[in-house]
Structures are given as C-alpha cells and as structure tokens.
1. Show which lysines lie in cross-link reach of Lys237 when reach means a straight Cα distance below 25 angstrom and same-chain residues fewer than eight apart are skipped.
2. Could you tell me the center-to-center distance, by alpha carbons, between the range 326-365 and the range 55-85 in angstrom?
3. Under a 1.4 Å probe, what is the accessible area of the range 64-191 per residue, stated in Å²?
4. Using only Cα atoms and rounding to the nearest 10 degrees, what angle (0 to 90) does helix 63-84 make with the longest principal axis of the chain?
5. Using the Cα centre of the range 230-379 as origin and beta-carbon charges of +1 (Lys, Arg) and -1 (Asp, Glu), tell me which of Ile298, Ile346, Phe270 is placed farthest towards the positive end of the dipole.
6. Quick one: Kirkwood hydrodynamic radius for the range 114-189, alpha-carbon pairs, angstrom, one decimal?
7. Considering amide H positions built from the backbone, and no H for Pro or chain starts, which residues 5 or more places from Leu32, or on another chain, come under 5 Å of its amide H?
8. So how do 230-237, 68-75 stack up, highest first, on mean other-Cβ count within 10 Å?
Amino acid sequence: MSKNPDVIIIGGGIVGASCALALAKRKCQVLLLDAGITDGAATPAAAGMLGALAEASPDDAVLALHVRARDIYTTLVPELEEETGLDLELWTGGILEAVFSDAEATRLKSAVARLRQSGLPADWLSLDEMLECAPGLNPKILGGVLAPDDGMLNQVKLHEALLIAAGNRGVEVRQDCIATGVISRSGIIVGVDTKQGELSAGNVVIAAGAWSGALTGLPRPLSVEPVKGQMSVVQVKTNRPRSIVYGAHGYVLTNGNEAMVGATVEHAGFNTDITDNGTEYVRKAAAEVFPDLGNAEILRSWTGLRPGTPDGRPIIGRDPDVTNLWYATGHGRNGILMAGLTGHLIGRNFGTDEIDEEMVLDPVDPGRFWKNRRGRLVF
Ligand code: GLY
C-alpha cells in the first residue's frame, strides 16, 4: 500500500467492507480503518433482514432503492460464496406484517394495492394463510401483508466474505485504528486524523455508522446519531419453520427452536446497556405476534447502535462541495439491506464503467440536509 492510498474508508463494518470491495474492483488502492468497536457495533447486532418492502411505505421515495438493494444480493451473494467458500445463508422466503386493527387492515390493504400497481409483488393474507407460513401466530391477528421477495441473510458471514474478497484485491485493513476526523486543505480532503497519527489519502469515505457524526473536520455537522436497539433470542418449545413476522411493536424471526426478537428504538446516546425495560419490551413484542413466546426463556440479549438520520434515510454519495469526500452512512434500520448497494453506488464513481442503471438518488443525497445552509460551510 502506498503512503497515499486512493481512498481511505473510515469504518470497518459491513458498509465500509462493501465500499472497499466495490472500490478495489475498480482498481483503487484502498485503506480500510477498522476501529475495532465491539460494544454496540451495528453489523454483528443486526438480525440480517432484507426488508425492502417491510421497511418502507409504498410512497416512500427510498423504496425503489430498497428493492434494488435487496435484489443486488441475488448476484453478489453467489459471487462471494464462490470466491470465499462461505455460506451466506441468503433466504428469500418473504416477510409478513401482521395486522391487529381494522384501521391498520384498511391502510395495509391500500398499501398492497399501490405496491402491486407499481409492479412490486405483495399480497394480503388472511390469518389462516399466514398460519401456513408461521404456525403459532396470535389468533387476534386480522390478517397481514406478505412481501414475498423480502428475506434475510447471515450478515456476519457476508461481512467476512466482503473483507476476504476485498483483501483478495489488495485492500489493506488497519485493525484497531481509531479515526477521529478528516484533515482538509484549501477545500479538499488531504487525509484522516487517527489516534495513531495522521494518514494521507486521495479520497475519504465516511462509513463509521453511529460514530460518523462524531468525526471532526467535516465541512458541516453530519446528522447521524446513535439509535439504540435491544434484541433477544428466546427458546421456542415447538419446532417452527423459518419465518419473519413484523408485529405492531417489533419483529420475530423464528427458525427451529429459537426466535430472534427485536428491537427497541431508543435515543440514549452511545449507551449500550441491556435494561429490564428493554428486555420486557422485546418480550411483549414477541408475545404479541406469537403468544407462546410471552414466557419463553431468554437465551441471550444484546444491543446495537443504528446510525440514525433526521429523515430515517441513509446518506450516500459525494459531499455537495468537497469533491473527494464521500458519505456511506446513516443507514438506520437498513444497514444490512443497503450495504451491497451502497458499495456499488460509491464504487461506480471511481471506475471507468458506464453508469449501469439509472437510480433516483435524491432520497439519499448527502446535500439534502444542507441545501439552504451552504453558509455554514466551515472549510
Ligand atoms: N433492521 C431492524 C432494526 O433495526 O431493528
């Protein structure tokens, strides 16, 4: 690695790893700085869901990007599996959303109609039809929506595979290297400040998840805050088929004799404590969907810090004023879903490949928060 890599990526989670691979595929020299954060890191904490439809309303401008992001994995996963020999456990058996009130049923039936009109498969299911996919559901459920192409993968293995594939293409990962900010001169970025010293770079990608907003030297304050999610795995007495069901207060992923249940949504700074209130919330969210989980033994609990933004959408792309500063952060609840696409969107600016497809990127444009506030540029 030269002393001045083409790109330094700040953040060694799944988004940083995906950007590293996409850039390395375009022959960039990439240095990935991994702070080695274990407490609250979002990648290992996630459930691995690919909830393209489950996590956006039919009218949300980000929906098309969610769908594209989910579908990227149908090619990226087999490619990575072939290269690394890892099984990334991609499962696209669908995500169910359960409905508990007439008002919600009306709202979601209309959502199904609008999704289908825009060419996205979605179905309204009766409770009996839902029970065929997810036995044990609460009999009070009135029905629900099936997003048949949504699903999940093993995000820990995906992360590992991305790092292996990036390493195979010359990406250097500097472990336990804590970036504190970016360094600029005359309106461009010249490097990164770390606790271990300064590093120079041609470009910098901010992919530090919930920690992105704490970096110094950025042209403007970056609106990324930690949003805490507490989750648990509980024991299931009867063997259950694989299913993912959203309830009114959380989601349950069943498989065999275990169910993963999430998650609280808390604004508690960088606090990662597992609390009685959090565990109770998760237990109630599970029982609402599968009543037998109300008393289930909790096998393990943990916390993740999502990188939240004011509008709940990620920040992906080039800084509006600083040509060599890039953002790949703020993915909130959808970091796993969006990781592959984010790498692709960052990487394609660096290659000679033609823009392969048109995507409306306004919903994730970094400039959207600052459009009327250019005067705050501090460079
Ligand atoms: N992806 C779901 C969550 O963040 O809780």
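1. Hits, sequence-local ones excluded: Lys140, Lys284.
2. Cα centroid to Cα centroid, the span is 11 Å.
3. Working: 6100 Å² over 128 residues.
Computed with neighbouring chains in place, this is 48 Å² per residue.
4. So the inclination is approximately 80 degrees.
5. So the residue we want is Phe270.
6. Details: mean 1/r = 0.0557 Å⁻¹.
In the range 114-189 this quantity evaluates to 17.9 Å.
7. Those qualifying (amide H under 5 Å, at least 5 residues apart or on another chain) are Ile9, Glu172, Val173, Arg174.
8. Values: 230-237: 20.5, 68-75: 18.0.
Ranked from most to least packed, the peptides come out as 230-237, 68-75.
The values are calculated or read from the model by the stated rules, or taken from the named source; none is laboratory data. Everything numeric in this text was worked out from a predicted model, so none of it was measured. Here Cβ is always computed from backbone atoms with ideal geometry, including for glycine, and neighbour counts include all displayed protein chains. These accessible areas exclude ligands, DNA and RNA; they are computed on the full protein's heavy atoms, side chains included. Shrake-Rupley method; radii C 1.70, N 1.55, O 1.52, S 1.80 Å.
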